[in-house]
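The structure under discussion appears below in the form of structure tokens.
Read-outs throughout are calculated quantities, based only on the coordinates presented, and are distinct from any laboratory measurement. Please read all numbers here as calculations on a predicted model, not as lab measurements. A quick note on method: Cβ atoms are made from the backbone with ideal geometry, for glycine too, and the neighbour counts reach across all protein chains shown.
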Amino acid sequence: MFVQTQSDFAKMRSLIGPVVLASAAVVSASSNYTCLPGDSCWPTLEQWTTFNESVAGALKVTHPMEEPCYADSSSEACQAVAAAYTNLTGAYRTSFYGETVNLNWEYCGNDQCLLESLAPLEGISGTCKLGRLSAYYVDAQTADQVAATLKFVQEHSIRLSIKNTGHDYFGRSTTANSLALWVHNMQDISYAETFTPEGCSTERENVGIIGAGVEAATAYTFFADKKMHVTVGAVASVGIAGGFGQGGGHGALGPSYGLMVDQAIEFDVVTADGELQTINECTDSDLFWAMRGGGGSTYAVLLNYKFQLHPAVPMNVFAFTANLTETPTNISESTIHRDIVAAIAKNQTQWANNNVSGYNFFLPYNIISVQILPSADTEALKTLTKDYANFLSNLPGLDIIANEYATLDTYPEYTAFALPFLGTNGPLGVGITEAARLIPRTLFETDDSVDALVEAFLYGMQTSLEEGAGLGTGSGQIYHTGPSNNNDESDSTGVNPAWRGSLWHVIHGGIWTKAESQEERAQIQTTAGHAIQKFKDLTPGGGSYLNEGDVNEEDWQQTFFGDKYDRLLGIKQKYDPTGLFNCFKCVGWTGAEDPFYSCYKQEGQVPTIPLDASQNTVTAS
């Protein structure tokens, strides 16, 4: 990993020089954090030096992960980057500040430092630029470092961004010309057999405690040794305390135990005023409620996440994958796709009632269907899926690749078994765009409503096929990984109420690589929005997961937060009155006209200003 050198820090001198940004001349009045290099508010070198001392040398200069390849593609450092560029585990990528898991959120306009996803060592040309990565970041590992950073950006009106792993479908963890707070190295993890939240009288059992940077694989491996399950998602390198743990958090254990936010017991946070606080239902019920579903990077900087664990039981899995012997040109008329989607829909209510979760991936030529039941009864899943498994086994027109049941004794064993099937979920080192919808239980109650769901899904796949979605053309995903048996009747979380009572989380999306133009990338996102439209028509007033939705969603407050938005906004204004925490289509978002969100547009982008245009970029050799 790159670390700051003395020469790096010396380059900050250029930041105090004059910079002219005509496109950023008009700044949204709703934001108090608009200072850019060259403005009178921008810190002097002496002020940067003093700040670096106040955070114990944690101020770092950003080097994009791909930078060594632009300097020398034959170097050992470049070979390591290329080898891990699209690795499904993601652990290499997430160890850098200077990357995002999906390429969308590294570039800004023509400023980028990307490699070609399918052939990372080929076609490297041009200049490595920061794009929307911050020029400098604080590698924060203590509350004092976080508090000092918040104080510094407020004193100088600098925009703040917060990043852990870079798993992010909305670009909320990178903002051009911000000072970034990188929390990835907050890696503490522990298990408490008994735990009493601060200010509360009720003792809890089996509680997990993790730092803000802990990834899913670290968590489920650690707690498996304690014979406990943690409600992680499908991707091992996702940080579970940030956007996942504060925005919802669905996964294979969702029908059994609920979302990640349902497990939250207590948070240690630094609020906008720089104060370290421990919050829970007893000490600060409003802020705790908001941070249990209202989204990451919005209310405070989370340091530690304390949550309910569950005694481990075997993970029982039915896994099926097959290629179609003939690829249909019109998916709406494909009886194979229609029959499989209908079979899932018709079984869905029974599966949900019995805690079965699942991931289903559809392409024009391939189908993957994985059903999962955490249970000591290792025969229960076979009973619940017998008819479905027999149906798939005997369906004409399929070349079956895998068709098997498995019982995995531990969660790490389950993830190792599932990776070849679920690797389709969230590929790394490519650009990904999505549009999604949560589908309520009521739409599974009649034959007519089930038929409408099937039609909507096939319409989405066909729309994607006709309009084009890059490497994701013609794709569709159906997850049943939500809190189907946890209605949160006491309203203890701020999560989108559309989750409660939903049985499906449907996603249509697209995938692009460096080779696609900005216009092609924008079209892929537009296609995703078109593909999900019939599901939106079926669910008026409904919503989608705020972490896995449409970047172009116009009715984002209702779609991502539902009728909880007003309360969430009121709490935001109480604890962050100056709008220090500001991210794209989050609670209190300043809007598209804020130039700090210009990178989302097709013109007039304002990428990160390098520390020194002559020294802080590396031209490919």
**OP:** Grab the Cα-Cα distance for residue 144 and residue 573, subtract it from 0.36 nm times how many residues apart they are, and report the gain in nm with one decimal.
**Re:** 152.1 nm
Original post:
Roughly how tilted is helix 565-575, in degrees to the nearest 10 and between 0 and 90, from the longest Cα axis of the chain?
Top reply: 30
Original post:
Based solely on its DSSP helices, what 222 nm [θ] is calculated for the chain when runs of n ≥ 4 H residues each add -39,500 (n - 2.57) and the sum is averaged over all residues, nearest 500 deg cm²/dmol?
Top reply: -8000 deg cm²/dmol
Subject >> Relative contact order (%) - criterion: Cα under 8 Å, at least six apart; region: the range 189-311 >> reply: 30
Original post:
Could you give the nm distance between label points at residue 378 and residue 339, where each point is 7 Å from its Cα heading toward the beta carbon?
Top reply: 3.3
Original post:
Which ordering of 262, 72 is given by a fewest-first count of other beta-carbon atoms within 10 Å?
Top reply: 72, 262
Subject >> Antiparallel content of DSSP bridges confined to the range 315-553, in %, to 5 >> reply: 100
Original post:
For the range 427-471 and the range 302-349, what is the separation of their Cα centres, given in Å?
Top reply: 13
**OP:** Sticking with the crude label model, points 7 Å out along Cα→Cβ, report the distance from residue 455 to residue 330 in nm, one decimal please.
**Re:** 1.6
Subject >> With Cα atoms, 0 to 90° folded angle of helix 518-531 axis to the chain main axis >> reply: 40
**OP:** For residue 466 paired with residue 225, estimate the spin-label separation in nm (one decimal), with each label point 7 Å from Cα along the Cα-to-Cβ line.
**Re:** 5.5
Original post:
Remind me, relative contact order of the range 311-463 in percent, using alpha carbon pairs under 8 angstrom and six or more residues apart?
Top reply: 40
Subject >> Given charges at beta-carbon only (K, R positive; D, E negative), |dipole| of the range 315-553 in Debye >> reply: 160
**OP:** Compute the Cα gyration tensor for the range 499-596, then decide on rounded, prolate or oblate, letting a ≥ b ≥ c be the square roots of its eigenvalues: rounded whenever a/c is under 1.5, prolate when a/b is larger than b/c in the other cases, and oblate in all that remain.
**Re:** oblate
Original post:
Which residues' amide hydrogens lie under 5 Å from the amide hydrogen of residue 264, considering only partners 5 or more residues apart or on another chain, with H built in the peptide plane?
Top reply: 308
Subject >> FRET efficiency for residue 47 and residue 119, using Cβ-Cβ distance with R0 set to 60 Å, rounded to 0.05 >> reply: 0.85
**OP:** Give me the number: length gained by fully extending residue 409 to residue 554, i.e. 0.36 nm times residue separation minus the C-alpha to C-alpha distance, one decimal in nm.
**Re:** 47.7 nm
Subject >> Tail weight of P(r) past 27 Å, computed on alpha-carbon pairs of the range 315-553, percent >> reply: 34
Original post:
Say the cut-off is 26 Å between C-alpha atoms; which of 163/574; 151/601; 227/564 go over it?
Top reply: 151/601; 227/564
Original post:
Relative to the longest principal axis of the chain, what angle (0 to 90°, nearest 10) does the C-alpha long axis of helix 143-156 take?
Top reply: 60
Original post:
How do the peptides 465-477, 265-277 rank, highest first, by the average count of neighbouring beta carbon atoms within 10 Å per residue?
Top reply: 465-477, 265-277
Subject >> Ranked 260, 186, 65, criterion: other C-beta atoms within 10 Å, fewest first >> reply: 186, 65, 260
**OP:** About the Cα centre of the chain, how large is the charge dipole given +1 on each Lys and Arg Cβ and -1 on each Asp and Glu Cβ? Please answer in debye to the nearest 20.
**Re:** 300
**OP:** Please get the size of the charge dipole for the range 215-334, origin at its Cα centre, with Cβ charges of +1 on Lys and Arg and -1 on Asp and Glu, quoted in debye to the nearest 20.
**Re:** 400
Original post:
Taking +1 at the Cβ of each Lys and Arg and -1 at the Cβ of each Asp and Glu, which of 314, 561, 102 sits farthest along the dipole of the chain towards its positive end, judged by Cα position relative to the Cα centre?
Top reply: 102
Original post:
Between (i) 72, 61, 45; (ii) 137, 67, 45; (iii) 77, 55, 49, which matches Cα extents along the principal axes in Å calculated for the structure shown?
Top reply: (i)
Original post:
Can you give me the Cα centroid spacing of the range 146-215 and the range 265-289 in angstrom?
Top reply: 12
Subject >> Sites residue 201 and residue 487 - FRET efficiency at Förster radius 22 Å, r taken between beta-carbons, to 0.05 >> reply: 0.30
Original post:
How much length is gained on full extension from residue 91 to residue 39, taking 0.36 nm per residue of separation minus their Cα-Cα distance?
Top reply: 14.9 nm
Subject >> Segments 93-100, 405-412 sorted - mean Cβ within 10 Å per residue, highest first >> reply: 93-100, 405-412
